[in-house]
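Derivation of every value follows stated rules applied to the coordinates shown; laboratory data play no part. These numbers were taken from a predicted model, which means no experiment stands behind them. Virtual Cβ from ideal backbone geometry, glycine too; neighbours counted across all protein chains shown.
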Amino acid sequence: MKQLRQWGLGLLLVALTAVGLIALQPRLAIQAQETASTATLDSAGLTLEELGDGIYGLIASVDFPPVDPGMAICNGGIVIGSDGVLVVDPFQSEALGDLLFETVATLTDLPVKYVVNTHYHFDHTGGNPAAASRQLPILGRGPIREFMLTRNGESDSNITPPEVVIDGAWDLWLGERQVQIREFEGHSGGTDAIVYVPDAKVLITGDLLFNQRIPYVADGNIRTWQATLAELIVDYSDALVLPGHGPVTDVAGLESFKTYLADLVALAEDWESAGTSEEEAVATELPAKYSDFLFQALFPSNLEAAYNQITLGQDDAASIQHYLATQPESVKAL
Ligand SMILES: [Zn+2]
């Protein structure tokens with residue numbers, strides 16, 4: 001919460017500075033309105049990467065928690081069709097959402113038609129106000145509205161949930177280009193969706209894939225997530241993959257993350273047979289093979305989720321209640 005307050009203070013200072021400029025220098029104010037946000041790809045720690053013809057990823061490289069609240073934590077996606085554009089996950093703030101739309105404008109003159117939230121977590125949906133201010137439809141699935149309003153609402157007074165809630169398999173068309181949205185389970189309590197562009201074989205997974213990052217699992221179901229990864233590996237074996245966090249990969253990244261979850265489950269099964277206490281379990285050191293992963297601050301919460309879900313065999317509801325009651329605010333964002 002403290003961190004979020006700091007972010008809020010930062011945004012307030014930016015706003016006050018903008019008001020000062022408007023009062024003193026009308027010409028500068030006009031420029032500020034034209035550019036909409038002061039964030040740049042550089043200041044946001046984002047790299048624009050072409051994933052296929054007219055398909056781009058904005059790849060975040062900062063560790064978590066970010067050293068600078070203006071830096072993007074997750075990846076965003078841009079899919080340009082023959083008559084319009086679809087964007088995925090407008091980051092954690094309106095300024096970063098604005099940056100996503102400004103980046104689209106540097107790539108094409110075509111209008112954005114759809115905004116997709118791959119799940120409800122704050123780092124992927126906090127930028128939704130930038131879509132709403134452009135009168136763009138935001139799509140999400142399952143209980144995404146409820147989860148955003150109740151869970152994200154504690155730390156964000158400007159919640160903008162999707163106004164189109166999809167159910168089942170959806171195909172959207174950007175002129176000639178088909179974009180498939182499909183539901184999978186495991187990371188965020190029934191709000192996970194993937195975006196796939198069949199003509200280019202590009203898969204945007206949201207947080208069903210953390211690549212070279214310690215994942216955020218406390219809000220998910222580890223065993224369900226393992227089954228989803230096995231399915232994604234079969235269904236998208238030849239796709240280029242944009243993960244929710246971490247660098248662009250392919251089926252190898254899905255395999256590697258599936259191994260990570262299997263390692264976590266193996267640890268939890270060992271704790272069960274050894275009668276390990278939760279206190280001891282959560283103190284387990286990060287295995288050396290994952291020492292170059294970012295987001296290591298999340299590892300204790302991985303251990304705790306594994307202990308609850310695997311060692312104790314708690315169901316989702318008990319596990320999520322435990323998570324909501326015990327996790328620090330800064331970790332709830334992912
Ligand atoms: Zn995330």
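Some values worked out for this structure:
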{"read-out": "For region 283-290, Karplus couplings with θ = phi - 60° (6.51, -1.76, 1.60), whole Hz, Gly/Pro x", "value": "8, 4, 6, 5, x, 4, 5, 10"}
{"read-out": "Contact order normalised by residue count of region 72-115, Cα under 8 Å, 6+ apart, percent", "value": "43"}
{"read-out": "Which of Ser93, Ser301, Ser273, Ser133 has the fewest Cβ neighbours within 10 Å, and the rest in rising order", "value": "Ser273, Ser133, Ser301, Ser93"}
{"read-out": "Extended-chain gain in nm, criterion 0.36 nm per residue less alpha-carbon gap, Gln314 and Thr40", "value": "94.2 nm"}
{"read-out": "Exposure proxy ranking, count of Cβ atoms within 10 Å, fewest first, for Ile78, Ile166, Ile214, Ile204", "value": "Ile166, Ile214, Ile78, Ile204"}
{"read-out": "Beta bridges by DSSP in region 47-173, antiparallel share as percent, to the nearest 5", "value": "60"}
{"read-out": "Euclidean distance between Cα centres, region 114-177 to region 38-76, Å", "value": "19"}
{"read-out": "As computed over region 214-288, the Cα convex hull volume per residue (Å³)", "value": "104"}
{"read-out": "Whole-Hz couplings from phi, Karplus 6.51/-1.76/1.60, listed for region 72-83; x for Gly and Pro", "value": "6, 9, 10, 8, x, x, 9, 10, 9, x, 7, 9"}
{"read-out": "Extension reserve of the Trp173-Leu286 stretch, reckoned as 0.36 nm per residue once the Cα distance is removed", "value": "36.3 nm"}
